[in-house]
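Data first, discussion second: the structure below is written as structure tokens.
The values are calculated or read from the model by the stated rules, or taken from the named source; none is laboratory data. The model shown is predicted, which means the values in this text are computed figures rather than measured ones. Positions of Cβ are backbone-derived with ideal geometry, glycine not excepted, and every protein chain shown enters the neighbour counts. The area values use the complete protein model at the heavy-atom level, side chains included, leaving out ligands, DNA and RNA. Shrake-Rupley method; radii C 1.70, N 1.55, O 1.52, S 1.80 Å.
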Amino acid sequence: MKYNVAVVGATGMVGNKFIEVLAERNFPVDNLYLFASKKSAGKILKFKDMDYIVEELKEENIKNKKIDFALFSAGATVSSEYAPIFAKYGAVVIDNSSAWRMDPEVPLVVPEVNPEDIKLHKGIIANPNCSTIQAVVALKPLYDKYGIKRIVYSTYQAVSGAGVGGFTDLKEGYKGNPPKKFPYPIAGNVLPHIDVFLDNGYTKEEMKMIDETRKILHDKDLRITATTVRVPVFYGHSESINVELEKPFKIEDIFSLYKNSEGIILKDDVKNLEYPLPIEVEGHDEVYVGRIRRDFSLENGLNLWVVADNIRKGAALNAIQIAEHMITND
């Protein structure tokens with residue numbers, strides 16, 4: 001069986017990756033429909049060597065197409081308005097923005113972690129934040145086997161997480177040009193500031209990681225803190241994750257656990273300087289885990305280094321995996 005698929009925000013960085021990953025994974029597409037803003041309408045994009053014209057996103061261009069899956073990456077404002085419209089006409093919307101993530105009626109899904117939540121959807125499924133996705137893939141095996149008391153996130157996030165503007169700021173910054181997306185130069189710099197600051201002193205990105213992790217793991221009381229940082233890397237988010245487990249563990253059992261976990265590649269051989277690097281995970285589907293070591297400062301403490309391609313697994317791929325899960329478990 002084949003499916004009619006729409007990509008909303010098709011001309012953006014994640015939109016392009018949606019199209020690329022659909023082709024690579026040979027997703028059973030019958031008809032592909034590409035939507036973007038009025039200014040991008042008329043552009044031509046390729047899918048499997050065929051040209052597709054980008055249409056303006058408006059209801060009259062949606063209602064007669066019988067779309068099965070609508071993959072959204074067009075920002076929260078657009079998603080808030082148009083996701084219900086696609087759902088009204090029978091599509092399952094998989095949304096990459098923050099618009100629906102914390103809505104109690106909308107499942108927030110990472111297929112390796114909580115695929116059972118997919119069936120709870122009412123027309124809209126939310127894709128988590130890119131930094132949250134790779135974190136929970138790495139944490140889920142620990143959560144299931146040992147239980148988790150507390151998590152400390154420290155992230156080192158690539159500029160592509162801020163879209164084309166962030167990518168351009170780094171590229172142009174190396175040429176000595178001033179930033180347009182970020183408040184300060186990112187080339188040769190580190191910005192401890194992703195998204196807007198909130199009244200509690202945290203940034204919105206930090207609170208996203210905290211709230212989304214709790215929702216995905218169905219543990220609203222889980223103690224979590226986060227510091228999210230933008231670094232001069234084009235692709236690939238890196239995360240230092242400190243975990244306090246509920247139960248004692250042997251470090252060799254942690255290694256064994258990660259060797260046998262879905263969607264994870266263990267890369268941890270410090271004698272040979274082998275550990276996950278963002279430059280090496282670019283273009284890969286999996287979440288890479290390394291630098292595994294006991295935190296001797298507390299009982300049952302563990303340190304992890306977690307790296308993944310933020311545009312791929314952190315956005316486009318995760319959404320497509322949700323759709324794949326739906327068609328194989330129908």
Just checking, does segment 72-84 include any residue being open to solvent by less than 10 Å² (accessible area, probe 1.4 Å), outside the structural domain of ILE224 (by the TED database), over 29 Å from LEU277 (Cα atoms) and under 17 Å from the mean Cα position of the chain (by Cα)? yes
Pick from segment 1-49 the residues that are within 23 Å of PHE234 (Cα to Cα) and open to solvent by 50 Å² or more (accessible area, probe 1.4 Å): which of them is farthest from the chain's Cα centre (by Cα)? GLU24
Quick check: is even one residue across segment 306-315 more than 14 Å from the chain's Cα centre (by Cα) and open to solvent by less than 40 Å² (accessible area, probe 1.4 Å)? no
Only one of VAL5, VAL78, VAL14 is assigned to a strand (DSSP E or B) and not polar (S, T, N, Q). Can you tell me which? VAL5
Near pairs, Cβ below 6 angstrom, 6+ apart or cross-chain, from segment 96-113 (touching a residue at least 40 places away in the same chain (Cβ under 8 Å)) to any residue that is open to solvent by 10 Å² or more (accessible area, probe 1.4 Å) and among the small types (Gly, Ala, Ser): ASN96/SER73; SER98/ALA76; GLU112/GLY263
Residues within segment 23-55 that are more than 21 Å from ALA91 (Cβ to Cβ), of a type outside the set (Asp, Glu) and in a strand (DSSP E or B), tallied: 3
Residues being among the hydroxyl-bearing types (Ser, Thr, Tyr) and out of contact with any Asp or Glu (no Cβ under 9 Å at 6 or more places or on another chain) - total across segment 27-68: 1
Could you check, for segment 185-196, whether at least one of its residues is of a type in the set (Asp, Glu) and more than 21 Å from GLY12 (Cβ to Cβ)? no
Which listed residue is within 27 Å of ILE251 (Cβ to Cβ), modelled with pLDDT of 95 or more and within 18 Å of the chain's Cα centre (by Cα), from SER154, SER160: SER154
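Every residue, every condition in (1) over 30 Å from GLU299 (Cα atoms); (2) within 16 Å of the chain's Cα centre (by Cα), yes or no:
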residue: ASP103; (1), (2): yes, no
residue: ASN127; (1), (2): yes, yes
residue: LEU142; (1), (2): no, no
residue: TYR146; (1), (2): no, no
All but one of (1) more than 18 Å from VAL21 (Cβ to Cβ); (2) among the polar types (S, T, N, Q); (3) not in a strand (DSSP E or B) hold for ASN318, so report the exception by its number. (1)
Segment 88-128: number of residues that are in a helix (DSSP H, G or I), of a type outside the set (Asp, Glu) and open to solvent by 30 Å² or more (accessible area, probe 1.4 Å): 4
When segment 163-206 is examined, which residues are found to be among the aliphatic types (A, V, I, L, M), at pLDDT 95 or above and open to solvent by 40 Å² or more (accessible area, probe 1.4 Å)? VAL190, VAL196, LEU198
